[in-house]
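Q: One structure, pasted below without further comment.
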Amino acid sequence: MKRLPLLIERAVREAEVDRSDLVLRHSQKLQARPERVTCEKGCHYCCYYPVMVSLLEGMSLYQGLLEKRIWTSLLRKRFQQHAEKTLNLQPAVWFLSMIPCPLLHEDQCLGYEVRPVTCQVAYSIGEPYYCHPHRLSPETAFGDQRELGQQVSDSEEAIFKRLDITNFPMSLSMAVLYAEKVHKGELDIHDIGPDLWQHFKERG
């Protein structure tokens, strides 16, 4: 694996620090709330939800999977299949389609320790039964996800501007696959936007 240009490596690390800080603040707010989180071990309904991330977060996830020796040819194939299925897919259709996250394996997340922010703050304060994508209840805490997601996007915007890159939210799988290409030197980071746009046009 080639080493990332220093400017990009610093940007990835800076974004990681910002995300960690935002998640910590969110966790502190959650602990102060009166409602009890009802998530249970083994429940993985949220692993079928649409998860969109930035390229910076995708690069962090890719690096984490590499460091933990999880990134294999088999897992890459699962990411490719997931990216193909979810490209330009509307959230409502995604929920109905029950497409599992490529990291979901035997009811567990292979990349749990490096999972995206959206996954870190997904929780329920109601009956877990209603977390199923076909039975979603208002008690599933999407409000917090959206709020934190916007905060992450805002914090990364300055980093993307510094790199002279447009921030394109994309599926977790697509972001990780692009991260791999950047790491291997197969694609310049500035060419990802046009390449992604071409994929969208081809899918109509």
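Q: Could you list, ordered by first residue, the pairs with Cβ atoms under 8 Å in which the first is in region 63-76 and in a helix (DSSP H, G or I) and the second is exposed (fewer than 15 other Cβ atoms within 10 Å of the Cβ), at least 6 apart or interchain?
A: Listed pairs, sorted by first residue: Gly64/Glu113; Leu66/Met1.
Q: Among (1) touching a strand residue (DSSP E or B) at 6+ places or on another chain (Cβ under 9 Å); (2) surrounded by fewer than 19 Cβ atoms within 10 Å (Cβ to Cβ); (3) under 25 Å from Ile192 (Cα atoms); (4) free of Cβ contacts under 8 Å to residues at least 60 places away in the same chain, which single condition is Leu87 missing?
A: So Leu87 meets the others, but not (4).
Q: Please work out if His199 is under 15 Å from Leu56 (Cβ atoms), surrounded by fewer than 20 Cβ atoms within 10 Å (Cβ to Cβ) and at pLDDT below 90. Step through it out loud before you land on a result.
A: Working: under 15 Å from Leu56 (Cβ atoms): no; surrounded by fewer than 20 Cβ atoms within 10 Å (Cβ to Cβ): yes; at pLDDT below 90: yes.
Judged against the criteria, His199 is not a match.
Q: Another question about this same structure. Residue by residue through region 90-138, note down the ones that are at pLDDT 90 or above, assigned to a loop (DSSP other than H, G, I, E, B) and buried (at least 17 other Cβ atoms within 10 Å of the Cβ).
A: Scanning region 90-138 gives Ile99, Cys101, Pro102, Leu103, Leu110, Gly111, Arg115, Pro116, Pro133.
Q: Moving on to the next point. Sort through Glu147, Glu157 and tell me the only one that's within 17 Å of Arg19 (Cβ to Cβ), modelled with pLDDT of 85 or more and not aliphatic (A, V, I, L, M).
A: Among Glu147, Glu157, only Glu157 is within 17 Å of Arg19 (Cβ to Cβ), modelled with pLDDT of 85 or more and not aliphatic (A, V, I, L, M).
Q: Taking region 171-195 on its own, how many of its residues are surrounded by 18 or more Cβ atoms within 10 Å (Cβ to Cβ), more than 12 Å from Phe79 (Cβ to Cβ) and of a type in the set (A, V, I, L, M)?
A: 3
The values are calculated or read from the model by the stated rules, or taken from the named source; none is laboratory data. It should be emphasised that the depicted structure is a prediction, and the values quoted were computed from it without experimental measurement. Note that each Cβ is placed from the backbone with ideal geometry, even for glycine, and that neighbours are counted across all protein chains shown.
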